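The values are calculated or read from the model by the stated rules, or taken from the named source; none is laboratory data. Keep in mind it's a predicted model, so treat the numbers as computed, not measured. All Cβ positions, glycine included, derive from the backbone under ideal geometry; neighbour counts span all protein chains shown.
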Amino acid sequence: MLAVCTLWSCNEEAKIEKEIAAIPMDFQLVRFDKKFAAATPQNLAKLQEEYPFMFPAQFPDSLWVKKLNDTIQQELETEVQKAFPTFENEKTGLKKLFQHIKYYFPAFEAPRVITVTSEVDYKNKVILSEDYLFLSLDTYLGKEHRFYIGIQEFLKKNFRKEQLLPDVANAYAEKYTPRAQSRTFLSRMIYFGKLLFLKDKFIPEVDDREKIGYTKDELDWVKNNEAQIWRYFVENETLFDTDNKLNSRFLYPGPFSKFRLELDAESPARVGQYIGWQIVRKYMEEREISLQQLLKTDAETIFNNANYKPKK
């Protein structure tokens, strides 16, 4: 987050970061993608015994043997190994993320992290369960990778290593953030704003464009046009509208946002998420309240007290 901070606030942030860095954080990381790649039909049973949760009982052994011998699967494994020969940088990033979550949510317990290949299942890049965190490494090979040919540009632009940590942070933000109780567009914007604000706290060292999954040009565009976007929402009375089409126009992934104006082609998708983020940031600027209190606060209260006025 780019902001001018007072000496006191900067010192306070540095103090908090020092406390976070001192939090003990041990967790197990299993490169299951490597283990499966090294398996053979002869020693598959040993792998199944060690990781039974990776082999659902409804699937026969013949399916796994077939997968072991599948040339596409083998190519996936080779490409993942090229992209992630080690996982030390990612593990360090995960440790810092887990320390931040533990600081803000003391009941947090680090999961067992399992890396896998998923046949480029980009709808499930990260899967979070009670005890496990599954990371599909074949969805982070770089947007120009040949495995992604045919996938729309707005999706594959984030199939990069740099998005792995923000994706994990987002999974935890979704876990802690109650779903929007109201169907209004404002409520949905604030919901996404809360998610992104949690990412501010969970991964403070990460650039804003990575947190929201924008390119530099896309982030520059929403910053430069923030006042115009907000004016459009207000003048078209979208804030308290419950039309679900507003979600797909301004909140969900796509090639661009749908103002139904000439500027559509220039705009990135999800501008409503960005506006919600700025509203939540403004609300929290002058309030010393916990994240738990923020998450319990309804959208209208946040909006009415944020005094959000983007610069023209």
Exercise for the section: Give the residue that is farthest from the chain's Cα centre (by Cα), with candidates limited to residues of the range 284-312 that are acidic (Asp, Glu) and not in a loop (DSSP other than H, G, I, E, B). Expected result: GLU300
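Here is a yes/no grid of residues against (1) surrounded by 24 or more Cβ atoms within 10 Å (Cβ to Cβ); (2) under 22 Å from PHE98 (Cβ atoms); (3) modelled with pLDDT of 95 or more; (4) of a type in the set (S, T, N, Q):
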| residue | (1), (2), (3), (4) |
| --- | --- |
| LYS157 | no, no, yes, no |
| ARG160 | no, yes, yes, no |
| ALA169 | yes, yes, yes, no |
| GLU174 | no, yes, yes, no |
| TYR191 | no, no, yes, no |
| LYS201 | no, yes, yes, no |
| PRO204 | no, yes, yes, no |
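Would you say LYS18 is closer than 30 Å to ILE212 by Cβ, buried (at least 17 other Cβ atoms within 10 Å of the Cβ) and not small (Gly, Ala, Ser)? Give the steps one after another, and end with the answer.
Working: closer than 30 Å to ILE212 by Cβ: yes; buried (at least 17 other Cβ atoms within 10 Å of the Cβ): no; not small (Gly, Ala, Ser): yes.
So LYS18 does not fit the description; no.
How many of the residues in the range 129-141 are closer than 14 Å to LYS82 by Cα and touching a Lys or Arg at 6+ places or on another chain (Cβ under 6 Å)?
Total satisfying the criteria: 2.
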Practice task
Report, by residue number, each residue of the range 224-264 that is assigned to a helix (DSSP H, G or I), among the hydrophobic types (A, V, I, L, M, F, W, C) and surrounded by fewer than 17 Cβ atoms within 10 Å (Cβ to Cβ).
Solution key: ALA227, VAL234, LEU263
Handout entry: Residues that are within 13 Å of the chain's Cα centre (by Cα) and either among the basic types (Lys, Arg) or on the phi > 0 side of the Ramachandran plot (or both), drawn from the range 119-154
Key = LYS123, LYS125
Practice task
Go through (1) under 23 Å from TYR172 (Cβ atoms); (2) part of a helix (DSSP H, G or I); (3) free of Cβ contacts under 8 Å to residues at least 24 places away in the same chain one by one and return the number of the condition ARG281 breaks.
Solution key: (3)
Exercise for the section: Select, from PHE134, PHE53, the only residue that is within 22 Å of ASP26 (Cα to Cα), of a type in the set (A, V, I, L, M, F, W, C), out of contact with any Cys (no Cβ under 6 Å at 6 or more places or on another chain) and assigned to a strand (DSSP E or B). Expected result: PHE134
Problem - Residue among ALA57, ALA22 that alone is at pLDDT below 95, more than 30 Å from LYS216 (Cα to Cα) and in the same structural domain as HIS100 (by TED's automatic domain parsing) - result: ALA57
Exercise for the section: Tell me, yes or no, whether the range 204-223 has at least one residue that is within 24 Å of GLU17 (Cα to Cα), in contact with a His (Cβ under 8 Å, 6 or more places away or on another chain) and not assigned by TED's automatic domain parsing to the domain that holds ARG160. Expected result: yes
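Listed here are the residues, each with its yes/no results for (1) without any contact (Cβ under 8 Å) to a residue 24 or more places away in the chain; (2) part of a helix (DSSP H, G or I); (3) more than 30 Å from TYR232 (Cα to Cα).
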| residue | (1), (2), (3) |
| --- | --- |
| THR92 | yes, yes, yes |
| LEU97 | no, yes, yes |
| ALA110 | no, no, yes |
| VAL113 | no, no, yes |
| SER118 | yes, no, yes |
| LYS143 | yes, no, yes |
| PRO178 | no, no, no |
| MET189 | no, yes, no |
| PRO204 | no, no, yes |
Completion exercise
In the range 274-308, anything over 17 Å from LYS201 (Cβ atoms) and surrounded by 20 or more Cβ atoms within 10 Å (Cβ to Cβ) is listed as TYR274, ILE275, ALA299, PHE303, ALA306
Exercise for the section: Evaluate the range 222-231: report whether one residue or more is touching a Pro at 6+ places or on another chain (Cβ under 6 Å) and hydrophobic (A, V, I, L, M, F, W, C). Expected result: yes
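Do we find a residue being farther than 30 Å from LYS199 by Cβ and in contact with a helix residue (DSSP H, G or I) (Cβ under 6 Å, 6 or more places away or on another chain) anywhere in the range 84-92? Write out each step before concluding.
Taking the range 84-92 first, the residues farther than 30 Å from LYS199 by Cβ are none.
Taking every residue of the range 84-92 in turn, none turns out to be farther than 30 Å from LYS199 by Cβ and in contact with a helix residue (DSSP H, G or I) (Cβ under 6 Å, 6 or more places away or on another chain).
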